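These notes are about the structure you will find just below.
The values are calculated or read from the model by the stated rules, or taken from the named source; none is laboratory data. This structure is a prediction, so every number in the text was calculated from the model and none was measured. A quick note on method: Cβ atoms are made from the backbone with ideal geometry, for glycine too, and the neighbour counts reach across all protein chains shown. These area figures cover heavy atoms from the full protein model, side chains too; ligands, DNA and RNA do not enter into them. Shrake-Rupley method; radii C 1.70, N 1.55, O 1.52, S 1.80 Å.
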Amino acid sequence: MTPDVRVMLVCNPNNPTSTVLPPGALAAFVAAVPEDVLIVVDEAYREFVPAGGTDDAVRLQRSYPNVAVLRTFSKAYALAGLRVGYCVADPAVLDAARRVALPFTLSAPALAAALATLDEPELTVRRVRRLTASRDRLVAELHAAGLEVPASGTNFVWLPFGDASREFLRQCTLAGIAVRVFPREGVRITVGDEDANAAVVAAARRSSHPLRTADCSP
């Protein structure tokens with residue numbers, strides 16, 4: 001922190017690593033940041049975190065006016081193509097945001113879809129449960145294949161392949177699987193159906209990378 005800092009961005013759960021701040025960490029961070037610094041907390045994947053698994057930034061915002069929370073309907077609510085999101089913040093922050101926001105960014109169909117999905121909360125709950133169960137099975141299978149995979153609090157998993165990321169991309173491309181590669185860092189894989197997840201595990205087994213358990217032994 002220096003006097004030049006005006007805005008800090010916290011992505012929780014984090015994209016692309018899928019990791020989640022432990023309970024209390026975000027609250028401690030917010031309490032330590034000066035009141036004149038805006039803290040923007042991106043919680044796009046918040047619904048995929050188990051209850052009590054991390055701090056709720058919306059609750060923190062009620063006590064800290066310098067916190068602004070971003071959430072979206074693109075993930076857990078399955079409205080990715082409509083690009084609907086919202087911000088929870090102090091009225092002064094929202095007023096400043098409105099002054100610079102592009103006009104007419106939210107269409108009538110997108111708004112109607114967002115309102116409709118709020119009227120059916122159980123559908124969202126069931127969708128999230130199905131996806132997180134599939135995610136956890138995928139993580140377990142990747143662990144069984146000898147890979148180090150961070151615990152995920154999102155609808156995707158992160159494979160820290162480092163320099164071997166492009167080789168894994170090649171194997172996925174041959175199998176018809178689309179993944180997002182961060183060169184020399186890792187690969188972000190959205191959780192799919194069981195067949196797609198099995199194909200990901202098979203591609204991981206075929207890849208030449210330094211994260212296999214056998215390769216880590218002295």
Ordering 205, 188 from largest to smallest accessible area (1.4 angstrom probe), what's the sequence? 205, 188
How long is the gain from residue 184 to residue 62 if the chain were fully straight, where each residue apart is worth 0.36 nm and the alpha carbon distance is subtracted? 39.9 nm
Compute the acute angle (0 to 90°) between the alpha-carbon long axis of helix 194-206 and the principal axis of greatest extent of the alpha-carbon atoms of the chain; round to the nearest 10°. 60 degrees
The stretch 1-149 - percent of accessible surface contributed by carbon and sulfur, probe 1.4 Å: 60 percent
At R0 = 25 Å the Cβ-Cβ FRET efficiency linking residue 8 and residue 163, nearest 0.05, sits at 0.20
Helix 165-174 versus the longest principal axis of the chain: what angle, 0 to 90°, nearest 10, using Cα atoms? 70 degrees
Out of 69, 128, 179, any idea which swings most in a Gaussian network model of the chain, alpha carbons joined below 10 Å? 179
Return one number: the angle in degrees, 0 to 90 and rounded to the nearest 10, between the long axis of the Cα atoms of helix 121-144 and the longest principal axis of the Cα atoms of the chain. 40 degrees
Euclidean distance between Cα centres, the stretch 1-34 to the stretch 120-147, Å: 26 Å
Given charges at Cβ of Lys, Arg, Asp, Glu: the stretch 73-189 dipole, positive-most of 134, 176, 104: 176
Spin-label zone in the stretch 70-84 - amide nitrogen under 13 Å from a point set 7 Å from the Cα of residue 127 along the C-beta vector: 72-84
Roughly what % antiparallel, to the nearest 5, for the DSSP beta bridges in the chain? 55 percent
Only four residue types carry charge here, +1 at the Cβ of Lys and Arg and -1 at the Cβ of Asp and Glu. Report the dipole size of the chain about the Cα centre in Debye, rounded to the nearest 20. 460 debye
With springs only between Cα atoms under 10 Å, which of 37, 84, 100 fluctuates most in a Gaussian network model of the chain? 100
On the formula 1/(1 + (r/R0)^6), with r taken between the Cβ atoms of residue 198 and residue 31 and R0 of 35 Å, the FRET efficiency rounded to 0.05 is 0.20
Using the Cα centre of the chain as origin and beta-carbon charges of +1 (Lys, Arg) and -1 (Asp, Glu), tell me which of 25, 152, 54 is placed farthest towards the positive end of the dipole. 152
Enumerate the calculated ³J(HN,Hα) couplings along the stretch 13-20 in order (Karplus 6.51 cos²θ - 1.76 cosθ + 1.60, θ = phi - 60°), each rounded to whole Hz, writing x wherever the residue is Gly or Pro. x, 7, 10, x, 7, 6, 7, 10
Where a ≥ b ≥ c are the square roots of the eigenvalues of the C-alpha gyration tensor, would you call the chain rounded, which needs a/c under 1.5, or, failing that, prolate if a/b is larger than b/c, or oblate? prolate
Could you provide, to the nearest whole Å², the per residue accessible area of the chain with probe 1.4 Å? 56 Å²
